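In what follows, a single structure is set out as structure tokens and then discussed.
The values are calculated or read from the model by the stated rules, or taken from the named source; none is laboratory data. All of these numbers come straight from a predicted model, not from anything done at the bench. Please note: Cβ atoms are built from the backbone with ideal geometry, for glycine as well, and neighbour counts cover all protein chains shown.
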Amino acid sequence: MRLPRRALPPPRPHPPLLHLLVLLSFAVPETAAAPPRTSSIVGMAWPTKCTWLPLPTSGMSHSYTLFSKYHKIWKETKEAVSANDVSRQETISGVIALKGSMKYFDADFFNDSKLREMEDGAIEFNVPAFRDNRKLVALENGGLHNPSALVFKSSWNGESKISKRKSLDYPITSSVHRPSKDEDIAFMSIMELGELIRTKQVTSRELTDVFLRRLKRYSPVIKSVITVTDDLAYKQAKEADDLLEQGKYLGLLHGIPYGLKDIIAVPEYKTTWGSKTFENQVLDIEAYVYKRFVCFRLYDSCVSDVVRSIVVTSSHLCMPSFRLKSTGAVLVAKLVTGSLAYDDIWFGGRTRNPWNIEEFSTGSSAGPAASTSAGMVPFAIGSETAGSITYPAARCGVTALRPTFGTVARTGVMSISESLDKLGPFCRSAIDCAVVLDEIRGKDAGDPSSREVDIEDPFHVDITQLTVGYLDSAEMEVVNVLSAKGVKLVPFKLNYTVESVQSILNITMDVDMLAHFDNWQREGLDNVYEAQDQWPVELRRARLIPAVEYLQAQRARGKLIREVKESFTVDAFIGNATDWELVCLGNLVGMPVAVVPTGFKSIEDPPKSGTRRRTTITTGIYAPPDHDHIALALAMAYQSVTDHHKQRPPIDDLGSDNDV
């Protein structure tokens, strides 16, 4: 995600590199004598018919005009030019062009002799190596294979604490009864739906019917769905119901419908990446996060007919210590991702915000956020590289978690940046986020950055023992509620000296993305990209970022992480979830954040007769890496005494005079 771009600066008074190259390509010496080597065009002899053209103030016809005029000059004077002259002129032009281009790398300090040496070395050594490496790893787009050997570790304590994996100690949801209306079922929490399934008040097939109907009804308006997976959903729902009839209950996600952002591969279904270029792409890959949910065909081999029991204590559901490889949830849809995971524009349109469908959802996890908000799925899995969980969650008014980097393996997921990408849940509540995170977290060999992290149980955090900071941007209602519940709240500010946080993220993300879509750019597929001011512009610019500056950015990132760690003197802090500096910093550091709805306000310029459309208000609860449980515990405490997260968007009743 990006903030709006600043206006481009006015044209420079001297010819840009492209114009210079065109001029040099058609320059002809006045006599047959070879001109002396020079570092500028001042000493070059030009044909008598050659005159400088005025530089235009705008438009793309300038280089064409130059090309046309100097091509004509070349044709009129070519008989006076010898082969030796052309050869010498090309050598000079190459050095001049290289020298002119070095300013774009902030390295214009080489003399002509060194530039000739660099040119020869690049042609002889660098270019052949580039081509060999691309043939090995870059012919396929998307970064699905051949991950980098450079692995980012977000833990602040060396290797993360790893122990025998334990499930969380979930609170019991008692006295849950099936509502008579599908609308009420659609907005129940995972905990509530799970209890309906467990007590056989509803079947997975019935739940699947409810959510498939809503997906098909609202998607044409909200534009949040790419593929409805009817056949797969009914197959998985039947298997879930059959297992339950056999007395085999897999846990809280057993039979619960959900959606996946369409950068996550599912065999036999399209994985479009939101792009018209890949609109018909089917990957024979089963993403790790999808496998965590799919249990049925693996059930017997995983547990050898062992029936998973549920031990009920006075207030919690305690799962046995062994775990299944998957949970039995039911995939009902592949949800919208912005094209190549950038913002909310995709090949089918632009995803809207259910709370105010005149505006758009923002963020590339647009489909998961909007679909969860509208009650089209109980939960969904999205991703974030730079704001694609936090922004749409805040805009659409849902609870979401951007986990610690490396907590959830990304095997089978389109990659932007291997040191920034994270998968996380969009849900109705922080409790639901904890349930989903517990099921999808884990390490996979296909993702070297993934880790088995021993996340502590958020349901057993004593929040009265926590010291929580709040930034100037924090929603004070959250501060006051948590303070009333016994949390120690203190004013807080992260102190760091690194001023280039946003540019570090841009360099990291854009270069990594270009590495994963190198072939896409070389084949000119960026010319048909849905939003030409997004990836096409950024990845062309990324082509001019040298490796040394990329590594300098990573060194600056390391300095930032050390300073943030030293400054992080509280257990967690509360702040704006969509502050761009904080979004960049949080992703560079790899820290988790829970996005929590905190209220609503009136939309700008409402109809005179009124409207039910609203602008959502949210906040972020940030914790150090590997302390997701702290952010979740605080979010759960806040939501235990508020109901903002339980409100429903007015997608059926906008009010009179609301022609949207």
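Tabulated data
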{"read-out": "Residue count, the range 392-409 (criterion: outside any helix (DSSP H, G or I) and in contact with a Pro (Cβ under 9 Å, 6 or more places away or on another chain))", "value": "11"}
{"read-out": "Filter pass, residue 276 being in contact (Cβ under 8 Å) with a residue 24 or more places away in the chain and charged (D, E, K, R)", "value": "yes"}
{"read-out": "Residue list for the range 515-535, filter: part of a helix (DSSP H, G or I) and surrounded by fewer than 17 Cβ atoms within 10 Å (Cβ to Cβ)", "value": "519, 522, 527, 528"}
{"read-out": "Residue check for residue 590: modelled with pLDDT of 95 or more, within 25 Å of residue 388 (Cβ to Cβ) and more than 25 Å from the chain's Cα centre (by Cα)", "value": "no"}
{"read-out": "Any pair with Cβ under 9 angstrom, 6 or more apart, that starts in the range 211-227 at a residue that is on the phi > 0 side of the Ramachandran plot and ends at one that is of a type in the set (A, V, I, L, M)", "value": "223/336; 223/366; 223/370"}
{"read-out": "Residue identified as under 19 Å from residue 189 (Cα atoms), at pLDDT 95 or above and among the β-branched types (Val, Ile, Thr) among 435, 461", "value": "435"}
{"read-out": "Pick from the range 472-495, criterion part of a loop (DSSP other than H, G, I, E, B) and more than 17 Å from residue 631 (Cβ to Cβ), ranking: farthest from the chain's Cα centre (by Cα)", "value": "486"}
{"read-out": "Residues located in the range 417-442, provided they are closer than 14 Å to residue 263 by Cα and charged (D, E, K, R)", "value": "421, 422"}
{"read-out": "The range 511-543, residues that are more than 19 Å from residue 364 (Cβ to Cβ) and in contact (Cβ under 8 Å) with a residue 40 or more places away in the chain", "value": "518, 519"}
{"read-out": "Residue list for the range 166-202, filter: in a loop (DSSP other than H, G, I, E, B), in contact (Cβ under 8 Å) with a residue 60 or more places away in the chain and surrounded by fewer than 20 Cβ atoms within 10 Å (Cβ to Cβ)", "value": "166, 167, 169, 172, 187"}
{"read-out": "Residue in the range 422-432 that is assigned to a loop (DSSP other than H, G, I, E, B) and assigned by TED's automatic domain parsing to the domain that holds residue 192 present", "value": "yes"}
{"read-out": "Complete set of residues in the range 496-509 that are in a helix (DSSP H, G or I) and either exposed (fewer than 14 other Cβ atoms within 10 Å of the Cβ) or not hydroxyl-bearing (Ser, Thr, Tyr) (or both)", "value": "501, 502, 503, 504, 505, 506, 507, 509"}
{"read-out": "Pairs with Cβ under 7 Å, 6+ apart, first in the range 340-368 and under 22 Å from residue 617 (Cβ atoms) and in the same structural domain as residue 534 (by TED's automatic domain parsing), second among the hydroxyl-bearing types (Ser, Thr, Tyr) and part of a strand (DSSP E or B)", "value": "355/616; 356/615; 365/383"}
{"read-out": "Qualifying strands (runs of 3 or more DSSP E) (wholly inside the range 276-389; at least 1 residues being at pLDDT 95 or above)", "value": "330-335, 356-360, 380-384"}
{"read-out": "Condition met for residue 241 (farther than 29 Å from residue 366 by Cβ, assigned to a helix (DSSP H, G or I) and acidic (Asp, Glu))", "value": "yes"}
{"read-out": "Index of the failed condition, residue 512 passing every other in (1) in a helix (DSSP H, G or I); (2) surrounded by fewer than 17 Cβ atoms within 10 Å (Cβ to Cβ)", "value": "(2)"}
{"read-out": "Scope the range 642-660; condition crowded, with 17+ Cβ neighbours inside 10 Å, out of contact with any helix residue (DSSP H, G or I) (no Cβ under 8 Å at 6 or more places or on another chain) and at pLDDT 95 or above; matching residues", "value": "644"}
{"read-out": "Where residue 272 falls short, out of the listed (1) in contact with a Ser or Thr (Cβ under 7 Å, 6 or more places away or on another chain); (2) buried (at least 24 other Cβ atoms within 10 Å of the Cβ)", "value": "(1)"}
{"read-out": "Residue among 126, 111, 146, 133 that is outside the structural domain of residue 97 (by TED's automatic domain parsing) and out of contact with any strand residue (DSSP E or B) (no Cβ under 9 Å at 6 or more places or on another chain)", "value": "146"}
